[in-house]
Amino acid sequence: MADNIIRIENVTKQFAGGVKAVDSANFNIERGEFFSLLGPSGCGKTTLLRMIAGFEFPTDGEIYIDGQASALIPSYKRPTNMVFQSYAIFPHLNVFDNIAYGLRKDRLSRRELKRRVDEALAMIHLEGFGARRGDQLSGGQRQRVALARALIKRPKVLLLDEPLGALDKKLREEMQIELRELQKNVGITFVFVTHDQEEALSMSDRIAVMGKGVVLQIAPPKELYEAPNSVEVATFIGNINLIDATVRSVAGNEVTLDGPGFGQFRAPAIDGLKTGQKLTAAIRPEKLSLTASRPGANYVEGTIKASAYLGDRSHHHVHVKGRPTPVAVAAQNMDRSMTIGIDPSKPVYVTWDPRSLILLKS
Amino acid sequence: MTKPTRAAKRMGDPGGFLAIFALAYLLFLYVPVLFLPVFSFNDSIFVTFPLKGFTTKWYEQAFADQDMLRALTASLQVGAIASVTATILGLLGAKAVTRYRMPGQNVVTGLIMMPLFIPEIMLGIALLILVNTLFIPLGLFTITIGHIMLCTPFAMAVLTSRLDGFDKSLEEASMDLGESPWMTFWRVTFPLVAPGIISSMLLSFIVSFDEFLLSFFLQGQQPTLPVYIWSQLRFPNKLPGVLALGAVILIVSCILVVIAEWVRQIGTDERKVGVA
């Protein structure tokens, strides 16, 4: 049995006015895990995090933190600490006092306090910054101070509310790696809220995708991307082509479907399919390829409507007769000449491996 | 034609007209006020030019006047109570309007700020009628009530601007780090809001201390200082003493305003750090 540090049981948060910010959430977070809550803004991920922190209280359900029922325990009595989106560095205190803020109750000797804070400063590579004031720090440094201030409390769970959102792209990517390393070193469970899917994919052990207050899927990054369980998850994570399809026949672990523009095509079967059933077939743009000559099977014919050259890859929109939306194809630019020209008069063929198709029941 | 200054050039004002205008404006504002200290040292009971000679006897006379000292004490008392009460009310009001969204909020804020825009004489008459109807005896108590009403909008305005940018996550961060709401108030909220509280109290105090009309309408046996000064203007020989007192009040007022503004400024700079 997994060692769960947090258990979320039937947690619902309903705000005045009847809006359910979180609707019967049910899941566990394992000890030592890097767990992300991912979703668009307004999906309830921050509300859920704030309920774990003790800033909001669920209208229904229970939150267990390290085995203790905690749903109604205020934040200052919980073994969790948080890194805020705005960092919330106390402006009237210097870096040292900011980091030492949470240690008042421990009644440490001056010497011990200094040792602990110096240790924390070393951890975030800000040795000698203790006397600086908040306004003398860059965004990245403030973020580190916020991190040290939370970690010095040695929490059982560290909560991070979009902590990298305010940083520029390059710094953000550095901090992603640093955070991940830090998490491995300290061994503390991290619960990380983000709307940035790449960030979640690159850092997390597991990701919970949320939409409209509901937890849609919880899975490791690879599974989430390659085997989404719903159209919402499939479209939220990365790009994907959707085909409204009807099941024609099922044979063993292979199914033949029919979809507008695609005609008859094959896909790996999933459980419980019946002939005539309607569902959504999906395939990622990078799993499609373009050729100028007609392949033997598993293809559609179309014309290139638009192309974008992105350096390492190119994105093409291919218009396929009978299909209302163009098919998105992401092609790796594997040699320096682009083999497929942007000639709208000539047909191109979009081809795929049938195993790359995902079937999603509505 | 004056030579255009470099600053005037930069501001696209080749004739330096703006600088002249500003100077004239400042003179117009402050020269009359400066007569007060000038004549308070003039050795004559007539307030006319030319000046006769230097003397400090008017100051001695003013501060030997027991009635005046009682009026001064009354004003200080009223001012202290009114400024503290108005600041507490203003703080509660400012916290409510900056932290919560509620129905009718703009109406409530408008009503709180209204005494700033109602002619004071109307306020004075209205309050007098009310106080009489309720059989509340006139006195320093009624004056204090009137002053609290007048000072609260000022306090509210100062404190609202102070609390407006207050990052709520600072308080949450404190609680997250293990401090109770009470300790959070003392360790985070209060130090950050304190400059606003101080400048609100100073400003309210000055508003109350300088206030005449409400005090005049609501007074009982004991006048406040401005009312006392006004009553002394009937006696020409008292005028230089009043000028001396006026000069002292003017200087103390100026110092208080400068302190209030200075404290507010430090506070604002600090607050920006928290929000940035």
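No value in this document is a laboratory result; all are computed from the given coordinates. None of the values given here were measured: they were computed from a predicted structure. Cβ coordinates were reconstructed from backbone atoms using ideal geometry, including for glycine residues, and neighbour counts include every protein chain displayed.
A compact table of results
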read-out	value
Nearest-ten-degree value, helix B:66-99 long axis tilted from longest Cα axis of chain B	20
Mean-position separation - Cα centroids, segment A:116-146 and segment A:21-39, in angstrom	30
5 Å binning of all Cα-Cα separations within chain B, expressed as whole percents from 0 upward	1, 5, 9, 11, 12, 12, 12, 11, 10, 7, 5, 2, 1, 0, 0
Convex hull (Cα only) mean projected area of chain A, reported in nm² to one decimal	23.3
Summed residue charge, Cβ within 10 Å of A:Glu56's Cβ, Lys/Arg positive, Asp/Glu negative	+2
Mean Cα-pair separation over length for chain A, i.e. relative contact order, pairs under 8 Å, 6 or more apart, %	15
For segment A:268-362, alpha-carbon Rg over 2.2 N^0.38 Å	1.19
Neighbour net charge for A:Ile240 - beta-carbon separation under 14 angstrom, K R +1, D E -1	-2
Charged-residue dipole, Cβ positions (Lys, Arg, Asp, Glu), segment A:1-138 about Cα centre, Debye nearest 20	600
Distance from segment A:160-183 to segment A:221-289 (C-alpha centre basis), Å	35
Whole-number percent relative contact order across segment B:163-231, with pairs defined as alpha carbons under 8 Å at least 6 apart	20
Within chain B, longest stretch free of exposed chymotrypsin sites (Phe, Trp or Tyr not before Pro) [DSSP loop, at most 12 other beta carbons within 10 Å]	B:136-276
Volume per residue that the Cα convex hull of the protein assembly as shown spans, once the total is divided by residue count, Å³	292
Segment A:239-360 - charge dipole about Cα centre, Lys and Arg +1 at Cβ, Asp and Glu -1, debye rounded to 20	180
Violating pairs (Cα-Cα greater than 27 angstrom) within the set A:Lys184/A:Lys212; A:Lys305/A:Lys361; A:Lys45/A:Lys184; A:Lys45/A:Lys153	A:Lys184/A:Lys212; A:Lys305/A:Lys361
√(5λ) per eigenvalue of the Cα gyration tensor, segment A:16-69, largest first, Å	20, 15, 9
Positive-end extreme of charge dipole, segment B:63-275 - chosen from B:His147, B:Met114, B:Leu213 (charges on Cβ)	B:Leu213
Partners for B:Lys168 among aspartates and glutamates (Cα-Cα distance below 13 Å; same-chain residues under 8 apart left out)	B:Asp176
Student exercise, chain A dipole from Lys, Arg, Asp, Glu Cβ charges, in Debye to nearest 20	620
